[in-house]
Amino acid sequence: MRDFSYLRAGSLDAARQAAALPGAMLLAGGTTLIDLAKCGVAEPDSLVDITHLKGLDKIAVSASGATIGALAKMGHVADHADIKRHFPAVSEALWQAASAQIRNMATIGGNLMQRTRCPYFRDPANFPACNKREPGSGCSAIGGVTRGHAVLGTSEACIAMYPGDLATALVAFDAIVHLGERRVSVDDFFLLPGATPDREHAIDPGEMITAIEIPNSAAARRSTYLKIRDRQSYEFAAASAAVGIEFEADGRTIRDLRVALGGVATKPWRARAVEQALKGKVLEPDAVRAASLLAVEGAVDNGANHYKIELAPRVVARAILKMGETA
Amino acid sequence: MTVHNMRHGDASDGGADAVGGRLSRVDGPAKITGSAKYAVEQQLEGLAYAVLVESTIASGKVRSIDTAEAEAAPGVLKVLTPDTIISLRTASDWFGTPPPDKPYCPLARDITFSGQHVAAVVAETFEQAVAAAALVKVSYDETPSIVDLSDAKAGDGIPIDAMTKKWGDAQAAFASAPVRICAAYNTPREYQAPMEPHGLIAQWEGDKLTVWEPSQWLDGMARTYAEWFGVPFENVRLVSPYIGGGFGSKALALSHGAVAASAAKMLGRPVRLVMTRPQTFTGYGGRAATRQTVTIGADRQGKIQSIVHRGINETSMDGMWVEPLGSVTSIMYATPNFSSKQNVVRVNSVVPGAMRAPGENPSAFGIESAIDELAYEVGIDPLEIRLRNYAEQDPHARKAWSTRQLREAFAAGSERFGWERRTPQPRSMRDGNQLIGWGVAAGTYPVRRAYGEAIVRILADGSVEVESSSIDMGQGTYTILAQTAAETVGVPADNVVVKLGDSRFPRAGVAGGSRLAGVMTGAVYKAATSALDQLVGLAISDPRSPFHALQANTLVVANGRISSPRGDGPDLSIAELLGSVGRDHIEATGDTMPANSTAQDRYKNYTTIAMALPHTEGDYSRHSWCAHFIEVRVDEDFGTVRVSRVVSALDSGRLYNPKLAESQWKGGIIMGIGQALLEEGIVDRRHGRIVNNNLADYLVPTNADIPDIEVISVGIPDLHSSVLGGKGVGELAIVGVAPAIANAVFHATGKRVRDLPITLEKLI
Ligand SMILES: Cc1cc2nc3c(=O)[nH]c(=O)nc-3n(C[C@H](O)[C@H](O)[C@H](O)COP(=O)(O)OP(=O)(O)OC[C@H]3O[C@@H](n4cnc5c(N)ncnc54)[C@H](O)[C@@H]3O)c2cc1C
Ligand code: SF4
C-alpha cells in the first residue's frame, strides 16, 4: 500500500516549508487532489493540510478592490453580497461551477490549481502516454477523443483544456495572485503548455497561494459570466465567456471592455483582440458579432472539438450584448 | 366458505392503505435515515477485500501475468489469475438452457474487450488491495479490434431469424406508394449508471454460500452461483433487502461475483468486492448501440401502406445480446404490409445487457421519429397522423388488444399540453433567442407475466407479515405488497411488515420487464386471502371463539377487527380472537402457479425466464401504452436543448399505488431526457476503450435539466394482464421520450437529428 504522511500545518510558514519537500502537496478542499489520487495521477509522499490555517478564508471588499483568501470556499465567495455587487461575473462563474456539495468543500486557491479534465491525463493505467503527467511520454489525446479539448493555446505536446470557471472571470479583470509576498497577475500565473505541459503555473515549490486580489473597475461592476454546456448544471463549459463593460456617458459608446474565454483554451484566455476592436465603438449587434470572431483567431481544432471554434464567438457576442442591454 | 371483506379493491374505500391508494414508500424512512443496510455494508468478522485488475487492450491474449510484486505487497492474501483461481463449471443461461459441460473462468486469458477482468488481488484492507492491484503486471499479445458498429471491419453481422416479422409484400407496396420516406436512426451505447455500484460480499460455511449482493433476481442469481460452484441450489443464499438502482443491470450473476465467491472459497474468509465507477462501464453491459433504417410508404392522406424496417445491434465477441428493434415498429401502427429483419454485429465490447425497456426503447426511437417525418412529408399534424394509422388490433399477432388506452392517452395528453395551439411550421415558435418546439411520440411495453409465491402470516399481536424473495430496487414492492396484504386481510398498512430480498423466503422470478408488481400482488393476494379464510374459519368454528355461538357463515375483517356483517355479535381485534382460540399465528402460502405444478416447474419458473407467459398468449395481445407531449427550447446560437415542459398520458392498467407509479413514470421520462440529450459511451477508436467512464463525463440529467413533468393515468383495470388488473409501469415511460424530444427539436429548428444524443454540436 502507498503510504504517505499527513501533516496538519499549524502556520503558513510551516505549511510552506513542508510543501517545499520533494513529493509534498498542499491539501485544501481535496476535491481535485483526492480525486486525482484515486485515479493514480497524484501520488503524494506527504499531504500538507492547510485547511486549519487561520485567517486565510477572509473576503474583504474595499474601494480599491476585493481580496479573497485562498481558503475561502467557492460557495461563500459566490454568495458574498459585495462580490455579487462589484464583481457579478466572479460570483456567476463560481455558482455555475461544479455542484453545491463541491462548492461547499472547495477553496479558491485549490480552484485555480485544478487540473485538466483530459480523460487520458486521468487514466494512467490505460494511457501511459501523457506529456503533462510524464514529460516526453507523448500525448494520448491527439488522435483520440478530443471533444472537450482546447482549440486555443495548444501545442504539439498537449491540447488539454483548462476547465476552471473562476480563473476565466479573474483574468478578464486583471486579478492578481498573491503567493505570500510575491504577486503575479492571473494571466501570467497560468502558463501555456508549449513544450512543457507539466508546468502549469508560475509557482515554485514551497510557494502557496495566499489570496486573490481583484481590482475594482466599472467593467467588473457591470459584468457577467455566460457558461454554455449540454447539461444545465454540474458540467464543465463547452465554451464560456466572462465579459465586463463600461460605457461612456452616452450609455452606448464602449469605454472599457473585458472579454475572457473559458472551456476552449489551455489556460484562462483573455480575448484582447475583441476588446480592442470594440473599444470606442457604439455597441451594435452586428459589430459585436463581427468583433467576437476575433476571440478565436488562431484557433486549431482536433476534430471533435471543432464546434468550440463556432461556439465561442457566439457566447462572447451574447454576453457582450446582454451587458449592453442592461444599461 | 366465502369471505366478504366488503371492499371494492381501490382507494375509494381504503384511503392510502388499500390497493390503489397513495401510500408513501414504507421503506422511505429507513433509506432517508441511513438505517437501511445495503449489501456490501454488512460488517463480517474476518472480511477480506478484493480488487479487480482489468485488461488495457481490447483484443488479444494475455501473454503473462507477473504477480510477484503484488504478492509481496503489504496485506496481500492472494492474487488470483486464470492460472490460480479455482475452476468453476459453466452455468446455464437465463432461459435455463443446459450449459456446455466445460469449465468457466471469470478471469480472461483471451481478451475480447478493454476492461475485461484478468486478475484480482485480495488483501486485508481495501487500500492494500487497491495498491497491490496496481502492481500486477499483465503483458499482452494484441490483435486488431473491431471498435463499434461504424468500424469498417464490423461487417453486416449475423441475421437473427427469430426477429424477422413479415406480412403482405412490404417492398412492393413501398415501391408503389405515392409518399415514401426512408431514414436511418442510431442510438449509442448507454449505461444504467445506478447510484449503488455493483459489488458483493461472499461467505462460505462448508459448502454453503451466502452472498450479500444487490439483485433484481435472487433466485436466478442463486441458481447461477450454485451451478458455478457445483453445490445444490438450496445451499446458496442471496441477501438483497435494498438496492441502489438496477435499471436492468443487476438481474444476473456476473463474473465479478464469481471472482469474489471464488476468492472467499479459496481463502476460507468472507470477501468483499465492489466495482469502481469506471469498472461499472466495462464490467457488465449497458444498452447496445443500435442502427435502424425505417422506410414508410403511405398515401397522400398519410395512411401507411408499407413499413420496411432493418435493425442492427452490437454484441460482444463471445456473447449474444439481441436488442429487439422491431418490437414497437411491428405493433404501433396499422399497415397492410410489413417487413422487419435484424442482424447482430460482433464488436470488441463487453456483452451488452438489459437497460430499461430493452428493445422497445430504441425501436420506438426509429418508428416514432419516422412517423413524424412522414407527417411533415404529407403535411399532416403529427398527432393526427398517429390517429389515422391507429392499430385497432395487434397488427402482428392479429389479436385483440387486452386493453389499449392509447387514443385516450393522445386525447388527455394533447388537451393538457395545449397541442392545438401548435403552429406546424418548423422554427415558427420562438421566445427571443430560444426556438421553441413541440413534439409528440407514443410508447409501449409488453405485459410480461410470470409466477410468484409468498407467505402471509397473521401474528398473535394482530399484525401481518409478508415474506417473498422478490426485491425492491426503489420501484415500491415493499409498499404495494403491504397495501395488498392490508386490504386483503383487513388491517391498516401500518400493521403489515413486508420482508423481501432473501432467497430463503418463498420464491419469485426476475424483477425485470416490469412484471414483478403484477406477479407479486397476485401471489400476496392469494396468500392473504387464504390466511384470511383460515382466520375467519377459526373464528366461526373454533369452540373457544366468541363468534362460535353466532353460527354465522361469514364474518367481516376490517381495520384489524372482526365482526359479524350485521353487527349483531362480538367485535374483537384480531389479536383478541387469536388469543381466545389459543393460536400464536396463522400462516398461508400463496402462489400464482398453475394448479398441479411440479417442484421442477416451480424451480424452473423462479430461476429462469423460460416459463414467462408470452404477452400474446391466448386471445389477447397485452401491452402498456403511453403518449408523450414535450416542449423544448433550443438556443439558436448555441444549439443547447432544454426540455421545458412534459405532459405524458400513460396506460398501465390499474395502478396499485398511483403515487409510486407516477414516480416510476417520471423516473423513466427523466432517463429518457438523458438518453435524448446527454448519454453516450464515447470510445477511443484506437484503444477500443470507453473514455467517459465516470459520472463527471458520462452525463445524466441533473435537477436543473428536468422541468415539471405532468403524468396522467388513462389506464383501466386489465384482468387479462394480471390478477389485480395492472399492466407494466417501470419500463413504459422511457419508451417514446427520445423521439418526442427529437421531434420537438425538429419542430424548433427544422433540423432532424437521427443520432442520439442530441448534443449542441449537432445543432450549432
Ligand atoms: C465532478 C467535478 C465537477 C467540477 N466542475 C467544475 C466546474 O464546472 N467549474 C470549475 O471551475 N471547477 C469545477 N470542478 C473543480 C473544482 O472547482 C475544484 O476541484 C476545486 O475548486 C478545487 O479546490 P480544493 O480546495 O478542493 O482543492 P484541492 O483538491 O485541495 O487542491 C487542488 C490542487 O491545488 C493545490 N492547492 C490547494 N490549495 C493551494 C494553495 N493555497 N496554494 C497552492 N496550491 C494549492 C493542491 O496541492 C492540489 O494540487 C469540478 C470538480 C469535480 C470533482
Ligand atoms: S492533451 Fe495533455 S493532458 Fe491530455 S493526454 Fe495529451 S499531454 Fe496529457
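Within the stretch B:306-323, find all residues whose amide N lies under 15 Å from a label point positioned 7 Å from the Cα of residue B:293 along Cα-to-beta-carbon.
Of the residues in the stretch B:306-323, B:307-313 have backbone N under 15 Å from the label point off residue B:293.
Would you pull out the residues with amide H under 5 Å of residue A:269's amide H, same chain only if 5 or more places away, H placed 1.01 Å from N?
A:261
Count charges around residue B:235 for me, please; just the other residues with Cβ under 13 Å from its Cβ, Lys/Arg as +1, Asp/Glu as -1. Walk me through the numbers before you get to the answer.
Working: positive: B:208, B:223, B:237, B:265, B:504; negative: B:205, B:207, B:227, B:234.
Residues close to residue B:235 contribute a combined charge of +1.
Mind checking which lysines have their C-alpha under 22 Å from residue B:499, skipping anything on the same chain fewer than 8 residues away?
Output for residue B:499: B:31, B:37, B:250, B:526, B:659.
Under 8 Å for C-alpha pairs, at least 6 residues apart: give me the relative contact order for the stretch A:5-48, rounded to a whole percent. Show your work: numbers first, answer last.
Working: 43 pairs, mean separation 23.6, N = 44.
It comes to 54 percent, rounded to a whole number.
Where q = 0.07, 0.09, 0.10, 0.15 Å⁻¹, what log10 of I(q)/I(0) comes from the Debye formula for chain A, counting one point per Cα?
Here the Debye-derived log intensity ratios amount to -0.27, -0.45, -0.56, -1.24.
I'd like the FRET efficiency for residue B:44 and residue B:497, computed as 1/(1 + (r/R0)^6) with the beta carbon distance as r and R0 of 30 Å, rounded to 0.05.
Values: r = 25 Å, r/R0 = 0.85.
For R0 = 30 Å, the calculated efficiency reads 0.75.
Plugging the Kirkwood radius over Cα pairs into Stokes-Einstein for the stretch A:83-216, at a temperature of 10 °C and a viscosity of 1.306 mPa s, what D comes out in µm²/s? Mind dumping the intermediate values first?
Details: Rh = 16.0 Å.
The Stokes-Einstein estimate is 99 µm²/s.
Just tell me which aspartates and glutamates come within less than 20 Å, Cα to Cα, of residue B:78; anything on the same chain fewer than 8 places away is out.
Excluding near neighbours in sequence, the set is B:45, B:54, B:66, B:69, B:124, B:127, B:205.
Give me a comma-separated list of calculated 3J(HN,Hα) values for the stretch B:733-744, in order, Karplus coefficients 6.51, -1.76, 1.60 applied at θ = phi - 60°, integers in Hz, x for any Gly or Pro.
Whole-Hz 3J(HN,Hα) from phi for the stretch B:733-744: 6, 6, 6, x, 5, 4, x, 4, 6, 4, 5, 5.
Before rounding to the nearest 500, sum -39500 (n - 2.57) across all DSSP H runs of length at least 4 in the protein assembly as shown and divide by the residue total; then give [θ] at 222 nm in deg cm²/dmol. Don't skip to the end; give the middle numbers.
Working: 29 runs with 278 residues, N = 1091.
Helix-only estimate at 222 nm: -7500 deg cm²/dmol.
What are the ³J(HN,Hα) couplings of the stretch B:242-249, residue after residue, when phi is run through the Karplus curve with 6.51, -1.76, 1.60 and θ = phi - 60°? Round to Hz, x for glycine and proline.
For the stretch B:242-249, the Karplus curve yields 9, 9, x, x, x, 6, x, 8 Hz.
Residues with amide H under 5 Å of residue B:499's amide H, sequence separation 5 or more or different chain, H placed in the peptide plane at 1.01 Å from N; which?
B:466, B:467, B:468
Below 8 Å between Cα atoms, with a sequence gap of 6+, how large is the relative contact order for chain B in percent?
Contact order relative to length: 17 percent.
Between residue B:420 and residue B:504, 0.36 nm times their residue separation minus their Cα-Cα distance comes to what? Kindly include the intermediate steps, with their values, before the conclusion.
Details: separation 84, 0.36 × 84 = 30.24 nm, distance 5.56 nm.
Extending this stretch completely gives an extra 24.7 nm.
Take the alpha-carbon positions of the protein assembly as shown, form their convex hull, and give its projected area averaged over all directions (one quarter of the hull surface) in nm².
Details: hull surface 187.8 nm².
Over all viewing directions, the protein assembly as shown projects a mean Cα-hull area of 46.9 nm².
Got the relative contact order for chain A handy, in percent, Cα pairs under 8 Å and 6 or more residues apart?
Values: 759 pairs, mean separation 55.9, N = 327.
Once divided by the residue count of chain A, the mean separation gives 17 percent.
Could you pull the Rg and Dmax for chain B, using just the Cα atoms, both in Å?
Both quantities, over Cα of chain B: 27.5, 87 Å.
Please identify which residues in the stretch A:83-102 have an amide N closer than 20 Å to a label point set 7 Å out from the Cα of residue A:60, following the Cα→Cβ vector.
A:83-87
Rounded to the nearest 5, what % of DSSP beta bridges with both residues in the protein assembly as shown are antiparallel? Could the numbers behind the result be given before it?
Values: 137 of 175 bridges.
Bridges in the protein assembly as shown that DSSP calls antiparallel: roughly 80 percent.
What does the charge count near residue A:16 come to, summing +1 for each Lys or Arg and -1 for each Asp or Glu among other residues with Cβ under 12 Å from its Cβ? Mind showing how you got there, number by number?
Values: positive: A:182; negative: A:13, A:181, A:204, A:207.
For residues surrounding residue A:16, the net value is -3.
Amide H to amide H, which residues 5 or more places from residue B:115 or on other chains are under 5 Å from it, using H placed in the peptide plane?
B:55, B:56, B:57
Taking θ as phi - 60°, what are the ³J(HN,Hα) couplings along the stretch B:357-374 by the Karplus curve (6.51, -1.76, 1.60), each to the nearest whole Hz, with x for Gly and Pro?
Values, residue by residue: 6, x, x, 4, 5, x, 4, 5, 4, x, 5, 7, 6, 5, 5, 5, 4, 5 Hz.
Below 13 angstrom from the Cβ of residue B:216, what's the summed charge of the other residues (Lys, Arg +1; Asp, Glu -1)?
Values: positive: B:250, B:356, B:515; negative: B:196, B:213, B:219, B:472, B:731.
Net charge around residue B:216: -2.
Under a straight-distance cross-link criterion of Cα-Cα below 13 Å, which aspartates and glutamates are reachable from residue B:61, leaving out those fewer than 8 residues away in the same chain?
B:110, B:141, B:142
Would you calculate the convex hull of the Cα atoms in the stretch A:5-48 and tell me its volume per residue in Å³?
Details: hull volume 2.7 nm³, N = 44.
Dividing the Cα hull volume of the stretch A:5-48 by its residues yields 62 Å³.
Please work out how many pairs of lysine residues in chain A are eight or more positions apart (or on different chains) and have Cα atoms closer than 20 angstrom.
Taking chain A as the scope, the lysine pair count is 14.
Rule-based calculations on the coordinates, nothing more; no lab input. From a predicted model like this one, the values you see are computed outputs, not experimental measurements. Cβ coordinates were reconstructed from backbone atoms using ideal geometry, including for glycine residues, and neighbour counts include every protein chain displayed.
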